[in-house]
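Remarks on the structure that follows.
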Protein chains: 4
Amino acid sequence: MHDPVWSCIVSTGQTWTVGVTGATGYAGGEVCRLLAGHPHLRLAGVHANSSAGRRLGELQPHLLPFADLEVRPSAPEDLAGYDVVVLALPHGESAAIAAQLSQDTLVVDCGADHRLEDPAAWARWYGGEHAGAPHPGAWPYGLPELPGQREKLAGARRIAVPGCYPTSVALAMVPALAAGLVEPDVVVVAASGTSGAGKAAKPHLLGSEVMGSVSAYGVGGGHRHTPEMAQSLAAAAGEPVRISFTPTLVPMSRGILATCSAPLRSGVDAAAARDAYGRAYADEPFVHLLPEGQWPTTAQVLGANTVAVQVAVDPDAGRLVVVAAVDNLTKGTAGGAIQSANIALGLPETAGLPLVGVAP
Amino acid sequence: MHDPVWSCIVSTGQTWTVGVTGATGYAGGEVCRLLAGHPHLRLAGVHANSSAGRRLGELQPHLLPFADLEVRPSAPEDLAGYDVVVLALPHGESAAIAAQLSQDTLVVDCGADHRLEDPAAWARWYGGEHAGAPHPGAWPYGLPELPGQREKLAGARRIAVPGCYPTSVALAMVPALAAGLVEPDVVVVAASGTSGAGKAAKPHLLGSEVMGSVSAYGVGGGHRHTPEMAQSLAAAAGEPVRISFTPTLVPMSRGILATCSAPLRSGVDAAAARDAYGRAYADEPFVHLLPEGQWPTTAQVLGANTVAVQVAVDPDAGRLVVVAAVDNLTKGTAGGAIQSANIALGLPETAGLPLVGVAP
Amino acid sequence: MHDPVWSCIVSTGQTWTVGVTGATGYAGGEVCRLLAGHPHLRLAGVHANSSAGRRLGELQPHLLPFADLEVRPSAPEDLAGYDVVVLALPHGESAAIAAQLSQDTLVVDCGADHRLEDPAAWARWYGGEHAGAPHPGAWPYGLPELPGQREKLAGARRIAVPGCYPTSVALAMVPALAAGLVEPDVVVVAASGTSGAGKAAKPHLLGSEVMGSVSAYGVGGGHRHTPEMAQSLAAAAGEPVRISFTPTLVPMSRGILATCSAPLRSGVDAAAARDAYGRAYADEPFVHLLPEGQWPTTAQVLGANTVAVQVAVDPDAGRLVVVAAVDNLTKGTAGGAIQSANIALGLPETAGLPLVGVAP
Amino acid sequence: MHDPVWSCIVSTGQTWTVGVTGATGYAGGEVCRLLAGHPHLRLAGVHANSSAGRRLGELQPHLLPFADLEVRPSAPEDLAGYDVVVLALPHGESAAIAAQLSQDTLVVDCGADHRLEDPAAWARWYGGEHAGAPHPGAWPYGLPELPGQREKLAGARRIAVPGCYPTSVALAMVPALAAGLVEPDVVVVAASGTSGAGKAAKPHLLGSEVMGSVSAYGVGGGHRHTPEMAQSLAAAAGEPVRISFTPTLVPMSRGILATCSAPLRSGVDAAAARDAYGRAYADEPFVHLLPEGQWPTTAQVLGANTVAVQVAVDPDAGRLVVVAAVDNLTKGTAGGAIQSANIALGLPETAGLPLVGVAP
């Protein structure tokens, strides 16, 4: 076995140490992947309760430069001493850990515990499993492209990383709702790769089951990401927004394509729609409004922190249709986490983040 | 090379000869595949203009028992003499050929030429390429599950096979509209395998491009299947129906998953919805309303003439959501064609049609 | 829910009842799928220990016509009374059950218990888990295309269905070894779809892991199918045959492509090779030697009981190269089982077996 | 449309300008992707004859930061003025262009024109199309891991980038041949993703054809990469090496898994084999000999410049089996090109190259 290739990883100027817990899962693994290319953040330790003591390479074969790292436990005391701690844990586990970490540590939670501002929404969608648990409270929301969020993230020491579907839906629909183009009544059908369902081995997620097949799940309003979408869209619209959200599972590992639509308000035409989106994303380094006639594909953002968006007006149906593509693990989770951490730490927002998808 | 295995194909009782034109494409190939298992219909000749003179096996490697058939031209005179002629041609080519075939021949058109009843709709969506061409007229519509269609197909000698998307959407939404469960304002996002786009080699359909990627196309109302959906849904609703239709391309060869929704009318609950669908499909041999809690997958209908349907009420969004899965080439095209031909010829409706999908 | 559509399934003339145990797995499910189209064999009951009491449709969503069958236990007494019993169980479970079934019942074992003739080979490869267990004995081997096997299967009441890899390798190499074209020193690299690994949920078989990835496993001679290949090849060669076998896992659900090669004996040229294969398979209904220049694809046999074979001589390397494609679940398991059962029962060998793959 | 995000791309210290021709193909696109993350090489222009005048974004949708670059023609005069020119052209086109570029320009040829040292081999495998054309001559071979190559690349101004298959096979077998572990008689079966076949739209490369299917091609010694493998292996072995090479096409976009084997020389055991590979790759930054028991997957190197290798001894078969995984577009083409360019320019060898695959 050859030596670790730490020296290959370009780190320049000031660096912060990063500990990742849940490093053996898909979100945690993606954080590690991105850190391997980050000039200022250095992966200093990996943690995961169930696999503590094993080599990371057994569990994440692609993390070849980090293969010999030993996975350590993930109790709060194990996570002390890092400049940055990334929590890539199932919802419900982050809050207790985070409460015991230093206020000087930048804590980035890829789970759902600190996303919802409304205690009632939290109790309805997440509280049941933690009967009697208090609302863990909302942290600055790690979607800098939303109005006002970049300012809240600057200097923050706690960041709630958005869910992958909410990232795609918010980036698709916020400009339309903020500009008053549509009624607050949104229909979303989103196609997701299977990595969004995580690494736990379940029969319906076997390759034999998912290859060659598309399926719907959580139909009829049951997906936990719905209230998070509603929160972002309502903030943009200035009023409550109804959302019909149907996720579907498609035969690929990564990527979300969110197809969103809403009834057009009178007088809104294609030019107005395009103008609203053009203005919203003119200065965003990661969000690309495609040229007219080109439609998003998940391949074009695979492994990158980028978002591809396109908008159309359907006069016969009287609806605005917006399609957004993100990689659920990159911009939808780990990339968004690092983007927000960059802002929090005063680094260039794009530092260490891939700008080009791995295609074909 | 071994002898043709015609003798392996079980044909019992009376048989009809079938000629297939467009036999080198995906729809035509699927017709041939199904005929290999049909007890009463015998593939007697294959036709296709561009490949005339070649062995079928060069162009359709899976049709091993038919590999040595010579592809013949597809002018009307080449198609004379069959009991049944299946036209699997691009739209615009069927009408001229069909007009010259005997009225005693059962002509089954898998193309779009004879689907639309409204000349204005035909002119808008298809007429442009045939400027000044008259509307070819509508034929009995080969979707026997629609109210009244089975009767029209009995004894028919002309059948217009529905498009693959319209098959899935009509089967998903007709019961709701016929029962008045929803407003006539339907949003459809459908995921399709790539075979729906045909066999012509285009760069965006290369395996390298479609594997690992989902993309939208024809967004904003541009897909030609929209008026066909509108026709079926309006007939069921008894009033015009608005449709927002967004097709997406997913990384698999076959299958359509149509996710459809519409605003609930007041007082409609889950039980009423389930009851309407249960009654609509109680006696249908191919359409399966799944048990509560089970959602359609395209894998479960792959290669079969079956349809899997599920329905949900989303009270927060105020919408009925219906998901239907079909194989675009089987129930969505070639299987539907044979099902309708069975009816027209007085055969058992299920004769020769696979009842079980090829899964996993 | 609609009524079972038993009536849709064409059964003509004499019928035999079939019970399938292990019906909730991939091999057992494929047996059920094929029985749905068999004119003489009727699926009369499904069994599986771990899921007894559940509806089959919960576990095998594609078996729509059989969805309401209740899964029953699989002890020997539960399997009494059928004309035919198909055992689709993990190796080591069949022998004990089979020993208690009537000698008049046709027992078809899709597992490995009765394949190996040599007790020492059985003890080395399978005996370890059953320390001290006696060799269960070899049954007639369900690969009718091998010299002499068809005769042994006629009238048999016990059939050992070959493994999927050994089916592909035997059909690829037996003609060459029987005709003395090559040295008895075979190198096989086979690509398999994931269904060959079964339905047990393991992390490395998740869709997220297998899509977009090819991997090797069991490298260096560790795969249990090796002695079974050696048995068939040695019988053809009339001497022991060395085999280097490397299986690889590829991102598809079904199919095996076996690439086999061996050193050419002197004087053997392409014409001699082609002639040997042409003669070997001239009268076989399921094995297709492709025309020169056309190479097998697994798509062309998907869901069918067919085999596509091609042979080449590489003069620079001094090797004969043979490629064979089968569907591991159809010809490689369940189809082969039914083909052999057809022979045993005196039915037409091709009865109920798909002759055309589901492509594209 | 928002502004180009050139400023996002970290470039530090001295930079070289790079022009890429064939930028609209898969190899050229991958070069552009990697340059987007390179600290010292800056993409300064894109060229391609057939698409000159179009926006790069139309043809390479994933190259979002470069979408507005105009594609320029690719005559030699169009390529003047860059510090580095990357030729990603079909074989036969590079030599004429390269001959007219300044000797001070670093020219990196991703095509085959300058790989083969033996004029006779070149004439046999490539010369036919260019009847009478002289052998273009061999350039330093861009596989620094081969003995002695790193030294030849230092300071070079002409680099021949290896083919993707030869990269995987050389890295798999050179240590064994150099150490005399095996006879010079190698059997290779390699599985490749479809991007290796390029972006030209051909029917057999359609997604509908390749998804769910594995196929062999170029069987029997016909693939042009064979003489290139022979050249590298013979140099290591110190004698001619026979190679039986069978490429297969598998349903994924990227990646090669090469399964290689050769007869063991007497006395060679697993420890000796492992030792030879361990020593060969101990100091290589990109080649990872996996721990015992772990086998390469293409997913673990997807999009990275890494190689995963594992070795086994099969005593029954008397063969050494070696499996190597590379991404055909990254380490197999564009990444290898940049790695070699880094060496030629005196940059750190790993500069700008991804060390971690995009998995899952």
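Tilt of helix B:226-237 relative to the longest C-alpha principal axis of chain B, in degrees (0 to 90, nearest 10)?
60 degrees
Report, in debye and to the nearest 20, how large the dipole of region D:165-326 comes out about its Cα centre when Lys and Arg carry +1 and Asp and Glu carry -1 on their Cβ. Please list the in-between numbers first.
Numbers: 9 positive and 12 negative charges, 108 e Å.
The dipole magnitude comes to about 520 debye.
Which Cα, out of C:M211, C:A324, C:P240, lies furthest along the positive dipole direction of region C:201-360 (beta carbon charges, K/R +1, D/E -1)?
Working it through, the farthest residue towards the positive pole turns out to be C:M211.
So what is the relative contact order for chain B, in percent, with contacts set as C-alpha pairs under 8 Å and at least six apart? The partial results should precede the final answer.
Details: 819 pairs, mean separation 59.1, N = 360.
The normalised contact order for chain B reaches 16 percent.
With Kirkwood's inverse mean 1/r over C-alpha pairs for Rh, give me the Rg to Rh ratio of chain B, two decimals please. Mind dumping the intermediate values first?
Values: Rg = 19.9 Å, Rh = 20.7 Å.
Reported Rg/Rh (Cα atoms, Kirkwood Rh): 0.96.
Between rounded, prolate and oblate, where does region C:103-194 land on the alpha carbon gyration tensor, with a ≥ b ≥ c its root eigenvalues, rounded for a/c under 1.5, else prolate if a/b exceeds b/c? Before the final figure, lay out the partial values.
Details: a/c = 1.79, a/b = 1.26, b/c = 1.43.
Verdict is oblate for region C:103-194.
I'd like the residues of region D:288-308 whose 1.4 Å-probe accessible area shrinks by no less than 40 Å² going from the isolated chain to the full set of protein chains.
D:H288, D:P291, D:Q294, D:W295, D:Q300
Around B:V182, which amide H atoms from residues at least 5 apart in sequence, or from another chain, sit under 5 Å from its own amide H, with H modelled in the peptide plane?
B:R265
Given +1 on the Cβ of Lys and Arg, -1 on the Cβ of Asp and Glu, and no further charges, what dipole in debye does region C:43-117 carry about its Cα centre, rounded to the nearest 20? Before the final figure, lay out the partial values.
Details: 4 positive and 11 negative charges, 47 e Å.
Here the size comes out at about 220 debye.
Average partner chain C-beta neighbours within 10 Å, per residue of C:339-352? Working shown, then result.
Working: counts 0, 0, 0, 0, 0, 0, 0, 0, 0, 3, 1, 6, 2, 2.
For peptide C:339-352, the averaged partner shielding equals 1.
So what's region A:165-326 giving for Cα Rg divided by 2.2 N^0.38 Å, two decimals? Walk me through the intermediate numbers first.
On the way: Rg = 15.8 Å, N = 162, 2.2 N^0.38 = 15.2 Å.
Compared with the compact-globule rule of thumb, region A:165-326 sits at 1.04.
For region C:137-293, with all protein chains present and a 1.4 Å probe, just round the carbon and sulfur fraction of the accessible area to a whole percent. Provide the component values of the computation, followed by the final result.
Values: 2430 of 4640 Å².
Roughly 52 percent, rounded to a whole number.
Given axes a ≥ b ≥ c from the Cα gyration tensor, I'd like to know whether region C:6-81 is rounded (a/c under 1.5), prolate (a/b larger than b/c) or oblate.
Working: a/c = 2.05, a/b = 1.34, b/c = 1.53.
Because a/c hits 1.5 or more and a/b fails to exceed b/c, region C:6-81 counts as oblate.
How much accessible area does B:K202 have with a 1.4 Å probe, in Å² rounded to the nearest 10?
Result for B:K202: roughly 90 Å² accessible.
Using θ = phi - 60° and the Karplus relation 6.51 cos²θ - 1.76 cosθ + 1.60, list the HN-Hα couplings for region B:171-185 in order, rounded to whole Hz, with x at every Gly or Pro.
5, 6, 10, 4, x, 5, 6, 5, 8, x, 6, 9, 6, x, 8
Taking accessible area as the heavy-atom solvent-accessible surface of the protein chains with a 1.4 Å probe, which residues of region C:42-89 lose no less than 20 Å² upon going from the isolated chain to the full protein assembly?
Residues passing the criterion (a loss of at least 20 Å², heavy atoms only) are C:R55, C:P61, C:H62, C:L64, C:P65.
With every protein chain left in place, what is the accessible area per residue of the protein assembly as shown in square angstrom, probe 1.4 Å? Working shown, then result.
Working: 43830 Å² over 1440 residues.
Accessible area per residue: 30 Å².
Inter-copy label distances at C:G137, 7 Å along the Cα→beta-carbon direction, one decimal in nm, shortest first?
Copy-to-copy label distances at C:G137, shortest first: 7.2, 7.5, 7.7 nm.
Among DSSP bridges having both ends in chain B, what percentage is antiparallel? Round to the nearest 5.
On the way: 25 of 56 bridges.
Counting DSSP beta bridges with both partners in chain B, the antiparallel share is about 45 percent.
Please report the accessible area of B:L171 (heavy atoms, 1.4 Å probe, ligands and nucleic acids excluded) in Å², nearest 10.
B:L171 has an accessible surface of roughly 0 Å² with all protein chains in place.
Need one number: buried accessible surface between chains C and D, 1.4 Å probe, both sides summed, DNA, RNA and ligands left out, in Å² to 100. Write out the running numbers ahead of the final one.
Working: alone 15040 and 15020 Å², together 26790 Å².
Heavy-atom accessible area buried at this interface is about 3300 Å².
Shape of region C:223-296 from its Cα gyration tensor (a ≥ b ≥ c, root eigenvalues): rounded if a/c is under 1.5, otherwise prolate when a/b > b/c, or oblate?
Details: a/c = 1.66, a/b = 1.13, b/c = 1.47.
Oblate shape, in that a/c is at least 1.5 and b/c is the bigger or equal ratio.
Rounded to the nearest 0.05, what FRET efficiency is calculated for D:R55 and C:D275 with R0 set to 45 Å and r the Cβ-Cβ distance? It would help to have the intermediate numbers written out before the result.
Working: r = 57 Å, r/R0 = 1.27.
Efficiency at R0 = 45 Å is approximately 0.20.
How far, in whole Å, is the nearest Cβ of chain D from the axis relating it by rotation to chain C, and which residue carries it?
Axis-proximal residue of D, distance in whole Å: D:V189, 2.
Heavy atoms of the protein only, probe of 1.4 Å, neighbouring chains included. What is the accessible area of D:W295 in Å², nearest 10?
Probe radius 1.4 Å; accessible area of D:W295 about 50 Å².
For peptide A:321-331, how many partner chain Cβ atoms fall within 10 Å of a residue's Cβ, on average?
Details: counts 9, 2, 9, 1, 5, 0, 1, 0, 4, 1, 0.
Mean number of neighbouring Cβ atoms from other chains: 3.
Helix-derived [θ] at 222 nm for the protein assembly as shown: sum -39500 (n - 2.57) over DSSP H runs of at least 4, divide by residue count, nearest 500?
Rounded to the nearest 500, it is -6500 deg cm²/dmol.
Just report the Cα centroid separation between region A:136-180 and region B:195-267, whole Å.
31 Å
Measure nothing fancy, just the Cα-based angle from helix A:26-35's long axis to the longest principal axis of chain A, in degrees from 0 to 90, nearest 10.
Its long axis makes an angle of about 70 degrees.
Going toward the positive end of the dipole of chain C, with +1 on Lys and Arg Cβ and -1 on Asp and Glu Cβ, which of C:V268, C:A156, C:Y82 do you reach last?
C:Y82
Can you sort D:E284, D:E58, D:E151 by solvent-accessible area, 1.4 Å probe, largest first?
Correct descending sequence by accessible area is D:E151, D:E58, D:E284.
Find every distance from the label point of C:G81 to the corresponding label point in the other copies (7 Å from Cα along Cα→Cβ) and write them in nm, one decimal, shortest first.
5.6, 6.8, 8.8
From the P(r) of the protein assembly as shown, could you give the percentage of C-alpha pairs in the tail past 44 Å?
On the way: 445565 of 1036080 pairs.
Value for the protein assembly as shown (Cα pairs over 44 Å): 43 percent.
Taking 7 Å along the Cα-to-C-beta vector as the label spot, tell me the B:A80-B:T15 distance in nanometres, rounded to one decimal.
2.4 nm
Rounded to the nearest Å, what's the spacing between the alpha carbon centres of region D:47-100 and region C:29-57? Just the number, please.
Value for the Cα centre distance between the two parts: 59 Å.
Distance check, please: which entries in B:K331/C:K202; B:K199/D:K199; A:K199/C:K331; A:K199/A:K331 exceed 22 angstrom between their Cα atoms?
On the way: B:K331/C:K202 34 Å; B:K199/D:K199 16 Å; A:K199/C:K331 33 Å; A:K199/A:K331 19 Å.
With Cα atoms farther than 22 Å apart: B:K331/C:K202; A:K199/C:K331.
What nm distances, shortest first, do you get from the label point of C:D269 to those in the other copies when the point sits 7 angstrom along Cα to Cβ?
4.8, 7.6, 8.4
Taking the Cα centre of chain D as origin, work out the dipole magnitude from +1 charges on Lys and Arg Cβ and -1 charges on Asp and Glu Cβ, in debye rounded to 20.
Working: 21 positive and 31 negative charges, 61 e Å.
Magnitude of the dipole: close to 300 debye.
The values are calculated or read from the model by the stated rules, or taken from the named source; none is laboratory data. Only a predicted model underlies this, so the values are computations on that prediction, with no experimental measurement involved. No Cβ is skipped: glycine too gets one built from the backbone with ideal geometry, and neighbour counts run over all protein chains shown. Accessible surface areas use protein heavy atoms only, side chains included; no ligands, DNA or RNA. Shrake-Rupley method; radii C 1.70, N 1.55, O 1.52, S 1.80 Å.
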